[in-house]
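Before any comments, here is the structure.
Read the figures in this text as sums done on the coordinates, not as results from a lab. None of these values were measured; they are calculated from a predicted model. Because the Cβ atoms are built from the backbone with ideal geometry, glycine has one as well, and the counts that use them run over all protein chains shown.
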Amino acid sequence: MDKDVRIQAAWRWPALIGLNLLALAVLASWQLPATRALWEAANLWLFQTLNSSLNQHPLWDWLWALTSIRLCDILVAALMLTLLIHPRWVFREQELRPAFLHFLALLVVLLIVRVLFTKLAIALGWQHASASVQVPGAIRLSESFPGLERVFELKDRSSRSFPGDHASVLMLWCLFMALFTRGWKLLFSIALVLFFMLPRLVTGAHWLVDVAVGGLFIALFSFAWAYCTPLASWIAAGLERLCQPLLPLLQRLPLVGRLGVLRNR
């Protein structure tokens, strides 16, 4: 790889060990009796605090209803992708494609980890219904906005809410971007992730532990084994080889061909 390109997964033993220990510590804090009660109390307090703010003002309800639909998830993904491949945001021109392909590799690893971790959670009885299903009197925005629910699938309930896969993707993106951003851009990335994790908590689609334990565990574990080992670079190299035959065609398309991520380095 070009020595001027900073994006390269490799063996990083201190980070690999540290991230795995942190992920296990987060999971253990939810399972150990000494701290389990604290998580349960925080679960209920946060849900009641956030959910009770609904049905107070129409604009407030619209905000969380619109940010809870699947279309918003697609728009958020597009925003994160734009920031990732924008040549004047974080990465230099020659880094755009490696950054994009490495992040795709991270997502591949996250998908595998999520599937395996979800199966483990089911087998060990960690799975549970969302807050809006379990707490009596919970306010469901799907009932207040039946049109949005019918057309766009408003996410405010689930029979299996652990772990929070939506949050894990957001946190994985933030971990990756945090390696290369500083100052206000880093703060913006963190604020963006925190804001777009809120809708699931406000509507009760997830408990706090679904996000702060399940989602964080998946993000940390995936990032550790993908980027703190050569794995992501191996996957990215394979994706690069697969994409090479398509590049000449894509480069000739109007607008699309101007994207820095498609230009030959």
Practice task
For the chain, set up a Gaussian network in which alpha carbons nearer than 10 Å are linked by springs, and say which option among Trp225, Trp64, Trp13 fluctuates the most.
Solution key: Trp13
Handout entry: Two-site FRET efficiency, Glu143 against Thr82, from Cβ-Cβ distance with R₀ of 35 Å, rounded to 0.05
Key = 0.55
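Using a Förster radius of 45 Å, what is the FRET efficiency between Arg241 and Thr35 based on their Cβ-Cβ separation? Nearest 0.05, please.
Approximately 0.45, to the nearest 0.05.
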Problem - Part-to-part distance (alpha-carbon centres) for segment 83-99 and segment 149-208, which is given in Å - result: 23 Å
Problem - Karplus-derived HN-Hα couplings along segment 69-80 (A = 6.51, B = -1.76, C = 1.60, θ = phi - 60°), whole Hz, x at Gly and Pro - result: 8, 4, 4, 5, 4, 5, 5, 5, 4, 5, 5, 4
Handout entry: ³J(HN,Hα) computed for each position of segment 102-115 - Karplus, 6.51 cos²θ - 1.76 cosθ + 1.60, integer Hz, glycine/proline x
Key = 5, 5, 4, 4, 4, 5, 4, 5, 4, 4, 5, 4, 4, 4
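Can you pull a Stokes-Einstein diffusion coefficient for segment 140-223 at 37 °C (0.692 mPa s), Rh from Kirkwood over Cα pairs, as a whole number of µm²/s? If you can, show how the numbers build up before the last one.
Details: Rh = 13.7 Å.
Approximately 240 µm²/s, per Stokes-Einstein.
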Practice task
Report the residue, chosen from Arg252, Arg36, Arg114, that carries the largest GNM mean-square fluctuation when the chain is represented by alpha-carbon nodes joined by springs under 10 Å.
Solution key: Arg252
Practice task
Can you tell me which of 75-83, 228-236 comes out highest on packing, and rank the rest after it, using the mean Cβ neighbours within 10 Å?
Solution key: 228-236, 75-83
Exercise for the section: With an 8 Å cut-off on Cα pairs and a minimum separation of 6 or more residues, tell me the relative contact order of the chain in percent. Expected result: 33 percent
Exercise for the section: Putting +1 on Lys and Arg Cβ atoms and -1 on Asp and Glu Cβ atoms, find which of Ala219, Ser161, Val193 reaches farthest to the positive end of the dipole of segment 152-257. Expected result: Val193
Handout entry: segment 116-265 - charge dipole about Cα centre, Lys and Arg +1 at Cβ, Asp and Glu -1, debye rounded to 20
Key = 560 debye
Exercise for the section: When you have a sec, figure out the Kirkwood radius of segment 92-163 from all distinct Cα pair distances and drop it here in Å to one decimal? Expected result: 15.4 Å
Practice task
Have a look at Pro245, Thr35, Leu124 and report the one farthest towards the positive end of the charge dipole of segment 13-262, computed about the Cα centre with Cβ charges (Lys/Arg +1, Asp/Glu -1).
Solution key: Pro245
Handout entry: Gain upon complete extension [Leu179, Thr49; 0.36 nm per residue less C-alpha separation]
Key = 43.5 nm
Problem - Dipole moment magnitude, nearest 20 debye, segment 13-262 about Cα centre, only Lys, Arg, Asp, Glu C-beta charged - result: 480 debye
Handout entry: Cα coordinate range in the chain, projected on the principal axes (Å, largest first)
Key = 58, 43, 35
Problem - Share of alpha-carbon pairs per 5 Å distance bin for segment 17-166, given as whole % - result: 2, 7, 11, 15, 16, 15, 15, 11, 6, 2, 0
